[in-house]
Amino acid sequence: MRVTEPLTALPEALHTALQTESFVLLHTTDAESGKPTSNAISWVYAVNPNRLRFAVDGRSRLVANLSAKPEASVTVFAAGSVYAVYGLTNLVTEALDEVPFKLVCFDIEISDVRDAMFYGARLSVAPEYEKTYDKRAADKLDGQVFAAMKKA
């Protein structure tokens, strides 16, 4: 799926890819320095084609960054390409229910989706990662977080 013109919502292939845990890069502006920042996150999903929802640790600098400047972008590796998703964030909740530690939940109201892959290339394999702590504990926590995000 090659997107040559900017879109205002997620195409179906991206929306589908973002229904399960995904590795994405979240880009914000640092609240203190004003410099761009990038953070890898995996607690993200597409609520609908116009909105992404994600959760981050309440102690993360991302919370202050998004409170100071709500513009953000997310780099998504899916559907054979790299996509930049832009929008304004909104705080959903300062603490997700039924999660054992404080996670702050945000939505991104999507304004633009652009294909960011360089010309003449296709992403043949999406980035992969593995949890480096207890697999059962990681699966349980992921289940709690995604269930809580969907209820928020």
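The values are calculated or read from the model by the stated rules, or taken from the named source; none is laboratory data. Given the structure is predicted, the values throughout are model-derived calculations rather than measurements. Note that each Cβ is placed from the backbone with ideal geometry, even for glycine, and that neighbours are counted across all protein chains shown.
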Kindly list, by first and then second residue, each pair from a residue in the range 28-43 that is in contact (Cβ under 8 Å) with a residue 60 or more places away in the chain and over 11 Å from Ser73 (Cβ atoms) to a residue that is among the polar types (S, T, N, Q) and surrounded by 14 or more Cβ atoms within 10 Å (Cβ to Cβ), limited to pairs with Cβ atoms under 7 Å and residues at least 6 apart or on different chains. Ser42/Ser22
I'm checking my understanding of the structure. Among residues of the range 82-101 that are touching a residue at least 60 places away in the same chain (Cβ under 8 Å) and buried (at least 20 other Cβ atoms within 10 Å of the Cβ), which one is farthest from the chain's Cα centre (by Cα)? Tyr83
Is it the case that Pro6 is surrounded by 14 or more Cβ atoms within 10 Å (Cβ to Cβ), at pLDDT below 95 and farther than 22 Å from Ala152 by Cα? no
Which residues, taken from the range 46-73, are touching a Lys or Arg at 6+ places or on another chain (Cβ under 6 Å) and in a strand (DSSP E or B)? Val47
Residue in the range 70-81 that is farthest from Ala17 (Cα to Cα), counting only those that are touching a residue at least 60 places away in the same chain (Cβ under 8 Å) and in contact with a helix residue (DSSP H, G or I) (Cβ under 8 Å, 6 or more places away or on another chain): Val76
Run Tyr129 past the list (1) surrounded by 11 or more Cβ atoms within 10 Å (Cβ to Cβ); (2) under 17 Å from the mean Cα position of the chain (by Cα) and report the number of the one that doesn't hold. (1)
Counting only residues that are out of contact with any Ser or Thr (no Cβ under 9 Å at 6 or more places or on another chain) and part of a strand (DSSP E or B), how many does the range 74-102 have? 5
